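Single-structure report; data block below.
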Amino acid sequence: MPSSSYTDLSISENRAEALALQHYGVKGKATPLPGEVDFNFRLDTAGGHSYTLKLSRPGADTGLLEMQTALLKRLEAAGLPLQLPLPKANKTGEFITPILDEHGQQRHLRLLSWVPGQVFAKASPHSSTLLESLGQACGSLCRALGGFRHPAAERYFKWDPSRLYWVMEYEHLFKGRQAELFHYFLGLFEREAQPLLPHLRKSVNYNDANDYNVLITENRDGPPAAWSHEVSGFIDFGDALYTQTINDLAIALAYALMDKPDPLAAAIPAIRGFHSAFPLQEEEVASLLALTGARLLISVTNSAINKQQEPDNEYLLISEQPAWALLEKLRDIPPALAHYTFRHACGWEPCPQAAAFQEWAHRQNFAPLTTLQLEPGQWRVMDLGVGSPELGNNDHFNDEQRFLRHIERMMEDSGVPAGAGGYGEVRPFYTTDAYLQMSNDGPHWRSVHLGLDIWG
C-alpha cells in the first residue's frame, strides 16, 4: 500500500505540465501552490494566459468535484463583478479528468481560470473600505447562490461552524489558557447559536472566505492618499456546503478580524457590507459572534490534529497563532455588546429591548441624582472643555490635587458652593497616555466625557 502523506502524494512541476498538455492542450510552466486537499499548480503559457491546475488526492468524491463545477458555472452565469476560478473543459469537453497516478490510484484533474490579485492576508492596511468590500463580496456570493442546490453539498463537513461539537473529542489536546478558551467558546455556541440554528436560513455557501482565499486589487483612482484596496475575487470552492447562510459571514469574520487591535470595530464595516448585498435577519445576527468563535475553535482544533498527522504540511498550520490571539480578544468582549454592535452595523436599533425599556422609563418617576438641595444661583455650570477660558494651562489638570484646587477657586470666584456639568464635553486631559488605546487605524485617545460631574 503506497503512503498517503502529503509529500508522497504530491507531483512534480514537470508532471503537472505534462498532464496539462496531454488532457487540456495547454502548454505552460507549472509553479506549485499551497493547498489543504488538492495539489495545485499555477500554469503560465507563453501567450500570457494563466490557469490553475488541480489534482485531487486518491479516492476523492467525484460528486463533490461535480458540485464545485456546477456551483462555479452558476456564479459565472450570475455575472458578478468578481473574478472566480472558472472551470475549463478538457479535450473531450469534460470538466473533470480521471487519471491514474504512478501508484495506480485514480485521481482527478481539473483546469480552472487563474484569479489574479494579492491575497487578503498580505494586504496592508486592512482599511474599513477593504473590510466593507469583503462583506459586500461575500454577500454577493450568497445572493447569487440563492436557490442553488446540489446533492453533494448536503453533507457533514468538519469546517462547518454549525457542526462544532465534533471538537469535543479533542479537548485533551489543549491545556491551560487554551483549554479555558476552548470551553468558553464551546459554551457560547451552546447558549447563543445552537438554539437558533433550526430557525436560520440555509443555502449552499462558499464556506471558505479565509484570508488566503480572498483576492484583492488596488484602486489607484485619484491622488495616492485616496488609493484603496478592494476585494476582486475568490479562489478554492472545495469547502462549498449546504448549511446556515450566516456561516459565510461568520467565516469571513473569523479570518478578517485576525491581527486587529479592535476586532469588534473591524467587524462593523464587514457586516455593513454583507448586509448591503444580502440583507441579514435578526436571529442570524444574534448567532454571529458564537458562530465566528465556532469557526476559530474548529481552526485551532484542526491545527492541533494536523500537527500530529501531517507535520510537514505547513499550510495547515498557517492560521493557528492568529486564531488563538483572536479568540483571546473575543473572550474579553461581552456577547451582548457584540450583538448590539453587529445590529447597529445593520442599521437597526442596537438593543432589541430598547423600545420596551424607553416606554417603561417614560412612565417612571426616578430618584434625584444627588441629595444636594440647591436653589438657582447656588451652583454654576463648570466648563472643562478644550475651549474653556477658565480651565487654564495643562498644569491645572495634569495633577489631580492642583486640578481640584482649581475647581474650588472657580466656585469661590463665582460665590457658589457647587458646580455641575461635563456630559458631552471634549476634554483636553483625555489626550494623555493614560487614555491611549490602539485602534485598527493607529493610536486613538478618548476625547468625549460621558459622565455628569457634580462638584461641591
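The values are calculated or read from the model by the stated rules, or taken from the named source; none is laboratory data. Everything numeric in this text was worked out from a predicted model, so none of it was measured. Reconstructed Cβ throughout: ideal geometry from the backbone, glycine too, with neighbour counts over all protein chains shown.
Remarks
- Scanning the stretch 107-137 for residues being closer than 30 Å to L21 by Cβ and in contact with a Gly (Cβ under 9 Å, 6 or more places away or on another chain) gives a total of 4.
- If the condition is being at pLDDT below 95 and in contact with a Phe, Trp or Tyr (Cβ under 8 Å, 6 or more places away or on another chain), then the stretch 33-54 contributes L33, P34, G35, E36.
- The residue that is modelled with the lowest pLDDT, counting only those in the stretch 409-444 that are of a type in the set (D, E) and exposed (fewer than 12 other Cβ atoms within 10 Å of the Cβ), is D433.
- Condition check for V167: in a loop (DSSP other than H, G, I, E, B) and surrounded by 14 or more Cβ atoms within 10 Å (Cβ to Cβ): no
- Pair list, Cβ < 8 Å and 6+ apart or interchain, from the stretch 145-165 residues that are touching a residue at least 12 places away in the same chain (Cβ under 8 Å) to residues that are basic (K, R): L145/R74; F148/R74; F157/R163; W159/R295; P161/R295
- Flag: A193 matches the condition of being crowded, with 19+ Cβ neighbours inside 10 Å and of a type in the set (A, V, I, L, M, F, W, C).
- Screening L109 on (1) buried (at least 18 other Cβ atoms within 10 Å of the Cβ); (2) touching a helix residue (DSSP H, G or I) at 6+ places or on another chain (Cβ under 7 Å); (3) under 25 Å from G146 (Cβ atoms) shows it passes everything except condition (3).
- Restricted to the stretch 25-40, and to residues there that are β-branched (V, I, T) and assigned to a loop (DSSP other than H, G, I, E, B), the residue that is nearest to E94 (Cα to Cα) is V26.
- Pair list, Cβ < 8 Å and 6+ apart or interchain, from the stretch 89-102 residues that are over 17 Å from E66 (Cβ atoms) to residues that are at pLDDT below 95 and polar (S, T, N, Q): L100/Q106
- In the stretch 116-130, the residues that are of a type outside the set (V, I, T) reach residues that are surrounded by 14 or more Cβ atoms within 10 Å (Cβ to Cβ) and in a loop (DSSP other than H, G, I, E, B) with C-beta atoms within less than 6 angstrom, at least six apart or across chains, in these pairs: F120/D211; A121/D211; A121/Y212.
- For the stretch 130-163, residues that are in contact with a Leu (Cβ under 9 Å, 6 or more places away or on another chain) and outside any helix (DSSP H, G or I) total 8.
- Subset of the stretch 77-128 (residues that are of a type in the set (S, T, Y) and more than 21 Å from F39 (Cα to Cα)): T92, S124, S127, S128
- Any chance K329 is at pLDDT below 95 and part of a helix (DSSP H, G or I): no
- Which numbered condition V386 misses (of (1) touching a helix residue (DSSP H, G or I) at 6+ places or on another chain (Cβ under 6 Å); (2) more than 16 Å from G419 (Cβ to Cβ); (3) surrounded by 14 or more Cβ atoms within 10 Å (Cβ to Cβ)): (3)
- Some residue of the stretch 415-430 being closer than 24 Å to A265 by Cα, among the hydrophobic types (A, V, I, L, M, F, W, C) and assigned by TED's automatic domain parsing to the domain that holds R380: yes
- Hits in the stretch 6-24 - residues which are not aliphatic (A, V, I, L, M) and not in a helix (DSSP H, G or I): S10, S12
- Meets criteria (within 29 Å of R143 (Cα to Cα), at pLDDT 95 or above and surrounded by 14 or more Cβ atoms within 10 Å (Cβ to Cβ)) for Q83: yes
- For R57, the criteria (1) touching a Ser or Thr at 6+ places or on another chain (Cβ under 9 Å); (2) outside any loop (DSSP other than H, G, I, E, B) hold in every case but one, which is (2).
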